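*Asks:* Take a look at this one; I'll ask things after.
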Amino acid sequence: MRVCVIGAGYVGLVTAAVLADLGNDVVTVEANRETLLKLELNSIPFYEAGLEDMVRRTRKAGLLRFTVDIESGVCDTDIVMITVGTPASEDGRCDLRALEAVAASLAALPPGEYFAVIKSTVPAGTADWLEDYLNQAAEGSSWEVVSNPEFLRQGSAIRDAVEADRIIIGAASEKAARTLQELYKPLNRTVLVTDRRSAEMIKYASNSFLAAKISFINEIAVICEKTGADVTKVAEGMALDRRIGGAFLGAGIGFGGSCLPKDLACLIHTAKQHDLRVPLLESVKEINDRQVKILPERLAHIYGEVSGKTVCVWGLAYKPGTDDLRDAPSIRIIDDLIKRNCVVKAFDPMLVARNKIAAMFAKIETYADPYEAAKDAAAILLVTEWGLLREVDWVKLRDIVNVPLILDGRNTFAPHEVEKAGFTYIGIGRGCSAY
Ligand SMILES: NC(=O)c1ccc[n+]([C@@H]2O[C@H](COP(=O)([O-])OP(=O)(O)OC[C@H]3O[C@@H](n4cnc5c(N)ncnc54)[C@H](O)[C@@H]3O)[C@@H](O)[C@H]2O)c1
């Protein structure tokens, strides 16, 4: 099929590359000229494992092209996929300005029969609105709009797109649903066809449920600390129950990233717009806001006064496998430490993440090496559980730091191994009632 993907971000570029790899003829429209220039040079503007190879391969095969011009991009295509960003506004409302700008450009296309798919995460009713808007504003054209929310995760985006647990198609007609089913057929995944509003809501409900699992286990972690239980063992035992499952049961400093916080905030906002009380969702957010403060607070509790102390932060990206800092807990933690007048030295393997944090905090020192970042530190704070940190030589590290103290914000390390090397280990919810 001929597909036009609008937006070459995490979702758009992965979708475009995967569809091109399946043999479709794909053109990607990207408004940011700097991004476009990089893409033309086969350089990916963010880190996602395997994506650069896939883009290079599909471009070489003539199946993937980039353009800044929406009209030439959409011209002669069967499907227009919208993947622009939908961030949360201050009050949690979903900011639809990028989608509205795309809508205005689509309305100005030459008359024709068009088929659009919203992959961006948008509130229930947005696809209905877009279809009505286009059919009214685009004289002589007919538009059909389908909701097809995306569930990929940064860090495993290609695998998630190719091996999706489910493909949700929210369509108002059988014909529209069939067109999209045809596109995804080669992936051989489970497909659920629903109405458009339910499809849009499935995305918000799914992300808010995952966020709730994290906040739930973080609530249990607080009780574990006071009762001497180890939340990692509790989660392990809970996960053996197939009704519960083990995913998203890691206690720690909470969730961040470009999706979970904003989608939860947007769902709460939607409920408020309808004068609904949603205490469960509000608690999920409240608990997450509490968790991100834990590490600096514990440090202050341990030392009494942290002003002037050198603190090493391991990990900046909101999770391993990406260089994305959107809503990353590291930002709030570093901000807190700097406000407490600490000297902050941060490690992250991703240059982009290091550069972004350096642009945010003038006083920070950044390192590509975890040992260098830990030099003379009064404490190490584990914020992002990069795999390479599991291989750390604790004995070597003990001679580098000023005080052998680790606050493990992701319960990544085995306490006895760290303690064997002479470190004091403090995790989250691991039976440490003193803090
Ligand atoms: N990032 C994820 O892991 C993920 C996962 C599932 C769903 N989503 C959802 O997918 C959507 C996109 O997320 P993302 O992380 O890919 O965003 P992003 O910010 O990385 O990418 C959006 C891209 O769209 C481009 N763009 C904006 N306006 C444009 C226009 N008028 N014409 C052409 N290009 C335009 C931007 O320049 C940018 O490159 C959001 O709604 C998000 O909630 C994201």
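The values are calculated or read from the model by the stated rules, or taken from the named source; none is laboratory data. Note that the structure is a prediction, hence the values are computed from the model and not measured. Counting neighbours? That spans all protein chains shown, and the Cβs are built from the backbone with ideal geometry, glycine included.
*Asks:* Is there any pair with a first residue in segment 399-428 that is without any contact (Cβ under 8 Å) to a residue 24 or more places away in the chain and a second that is surrounded by fewer than 21 Cβ atoms within 10 Å (Cβ to Cβ) and assigned to a loop (DSSP other than H, G, I, E, B) whose Cβ atoms are under 6 Å apart and which are 6 or more apart or on different chains, and what are they?
*Replies:* Filtered contacts from segment 399-428: Pro404/Gly422.
*Asks:* Does Leu299 satisfy the condition of being in a loop (DSSP other than H, G, I, E, B) and aliphatic (A, V, I, L, M)?
*Replies:* Numbers: in a loop (DSSP other than H, G, I, E, B): no; aliphatic (A, V, I, L, M): yes.
So Leu299 does not fit the description; no.
*Asks:* Now a separate question. Report every pair of residues separated by at least 6 positions or lying on different chains whose Cβ atoms are under 7 Å apart, first residue within segment 257-282 and over 19 Å from Phe216 (Cα atoms) and modelled with pLDDT of 95 or more, second more than 12 Å from the ligand (Cβ to nearest atom) and among the acidic types (Asp, Glu).
*Replies:* Going by the 7 Å Cβ cut-off, the qualifying pairs are His269/Asp91.
*Asks:* When only residues in segment 42-60 that are in contact (Cβ under 8 Å) with a residue 12 or more places away in the chain and among the charged types (D, E, K, R) count, which is farthest from Pro320 (Cα to Cα)?
*Replies:* Here the answer is Arg59.
*Asks:* Select from segment 147-176 the residues that are in contact with a strand residue (DSSP E or B) (Cβ under 6 Å, 6 or more places away or on another chain) and away from the ligand (no atom under 15 Å from the Cβ) and list them in ascending order.
*Replies:* The answer is Ile169, Ala171, Ala176.
*Asks:* Can we say Ala8 is near the ligand (Cβ under 10 Å from one of its atoms), touching a strand residue (DSSP E or B) at 6+ places or on another chain (Cβ under 6 Å), part of a loop (DSSP other than H, G, I, E, B) and closer than 26 Å to Ala101 by Cα?
*Replies:* Working: near the ligand (Cβ under 10 Å from one of its atoms): yes; touching a strand residue (DSSP E or B) at 6+ places or on another chain (Cβ under 6 Å): yes; part of a loop (DSSP other than H, G, I, E, B): yes; closer than 26 Å to Ala101 by Cα: yes.
It is true that Ala8 is near the ligand (Cβ under 10 Å from one of its atoms), touching a strand residue (DSSP E or B) at 6+ places or on another chain (Cβ under 6 Å), part of a loop (DSSP other than H, G, I, E, B) and closer than 26 Å to Ala101 by Cα.
*Asks:* Test each condition in (1) closer than 28 Å to Arg197 by Cβ; (2) in contact (Cβ under 8 Å) with a residue 40 or more places away in the chain; (3) under 24 Å from the mean Cα position of the chain (by Cα); (4) more than 14 Å from the ligand (Cβ to nearest atom) for Glu90 and report the one that comes out false.
*Replies:* (2)
*Asks:* Given the conditions (1) basic (Lys, Arg); (2) within 13 Å of the ligand (Cβ to nearest atom); (3) surrounded by fewer than 20 Cβ atoms within 10 Å (Cβ to Cβ), which single one is not true for Lys119?
*Replies:* In the conditions (1) basic (Lys, Arg); (2) within 13 Å of the ligand (Cβ to nearest atom); (3) surrounded by fewer than 20 Cβ atoms within 10 Å (Cβ to Cβ), Lys119 misses (3) alone.
*Asks:* Quick one: which of Lys309, Lys285 is of a type in the set (D, E, K, R), away from the ligand (no atom under 16 Å from the Cβ) and in the same structural domain as Phe248 (by TED's automatic domain parsing)?
*Replies:* Lys285
*Asks:* Out of contact with any helix residue (DSSP H, G or I) (no Cβ under 7 Å at 6 or more places or on another chain) and farther than 21 Å from Asp95 by Cβ - does that describe any residue in segment 263-273?
*Replies:* There is no residue in segment 263-273 that is out of contact with any helix residue (DSSP H, G or I) (no Cβ under 7 Å at 6 or more places or on another chain) and farther than 21 Å from Asp95 by Cβ.
*Asks:* It is to be established whether one or more residues within segment 401-409 are at positive phi and either surrounded by 13 or more Cβ atoms within 10 Å (Cβ to Cβ) or of a type in the set (D, E, K, R) (or both). Spell out the reasoning first.
*Replies:* At the first step, the residues of segment 401-409 found to be at positive phi are none.
No.
*Asks:* Among the residues of segment 20-38, how many are within 11 Å of the ligand (Cβ to nearest atom) and either among the hydroxyl-bearing types (Ser, Thr, Tyr) or buried (at least 20 other Cβ atoms within 10 Å of the Cβ) (or both)? Before you say what the answer is, go through the steps one by one.
*Replies:* Taking segment 20-38 as the starting set, the residues that turn out to be within 11 Å of the ligand (Cβ to nearest atom) are 28-36, 38.
Now drop any that are not either among the hydroxyl-bearing types (Ser, Thr, Tyr) or buried (at least 20 other Cβ atoms within 10 Å of the Cβ) (or both), which leaves 28-30, 35.
The number of residues fulfilling the criteria is 4.
*Asks:* Which of the numbered conditions does Val3 fail, given that it passes all the others? Conditions: (1) aliphatic (A, V, I, L, M); (2) touching a helix residue (DSSP H, G or I) at 6+ places or on another chain (Cβ under 6 Å); (3) assigned to a helix (DSSP H, G or I).
*Replies:* (3)
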